[in-house]
Amino acid sequence: MKKDTFGCRKSHSEPGPGDGGRTGSWRVRRPVIDPEKCIPAKLNKPACFTCWLFCPDSVIKRTIPPTIDYEYCKGCEICCEECPAGAITMVDETEFIKKEK
Ligand code: SF4
Ligand code: SF4
């Protein structure tokens with residue numbers, strides 16, 4: 001248990017990947033990162049990571065470029081909305097089903 005600046009104990013928890021449960025088959029669109037536009041990929045160094053900061057399910061890793069765990073991604077589109085470089089596109093899941101066949 002952590003202590004605050006006054007030495008008081010307080011409970012503390014942080015969100016972790018998968019806290020919201022597995023996605024299953026209900027995600028309609030998935031976020032896809034374009035490394036040609038993604039800032040850390042273009043600079044080849046840790047930068048930006050706005051998508052990581054805003055993802056409510058903590059499923060984005062701060063790799064170069066960032067990686068998304070589709071097992072738990074809900075397709076909420078927040079990362080896509082917040083990306084300052086327009087590097088994330090929401091793609092219909094049907095596109096991936098077609099490729100898998
Ligand atoms: S927010 Fe966009 S530019 Fe920034 S790291 Fe994520 S995908 Fe790349
Ligand atoms: S779509 Fe939502 S859950 Fe999936 S990576 Fe983006 S912000 Fe996270």
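Throughout, read-outs are computed from the coordinates displayed, never taken from laboratory work. Only a predicted model underlies this, so the values are computations on that prediction, with no experimental measurement involved. Backbone-built Cβ (ideal geometry, glycine too); neighbour counts: all protein chains shown.
Report whether or not Pro66 is under 10 Å from the mean Cα position of the chain (by Cα), surrounded by 15 or more Cβ atoms within 10 Å (Cβ to Cβ) and either more than 8 Å from ligand 2 (Cβ to nearest atom) or of a type outside the set (D, E, K, R) (or both). Yes: the conditions hold for Pro66. Within the range 50-96, the set of residues being free of Cβ contacts under 8 Å to residues at least 40 places away in the same chain and in a helix (DSSP H, G or I) comprises Thr50, Cys51, Trp52, Leu53, Phe54, Ile78, Glu81, Glu82, Thr94, Glu95.
Restricting attention to the range 19-49, which residues are assigned to a loop (DSSP other than H, G, I, E, B) and over 23 Å from Ile97 (Cα atoms)? Scanning the range 19-49 gives Asp19, Gly20, Glu36, Lys37, Cys38, Asn44, Lys45, Pro46, Ala47, Cys48, Phe49.
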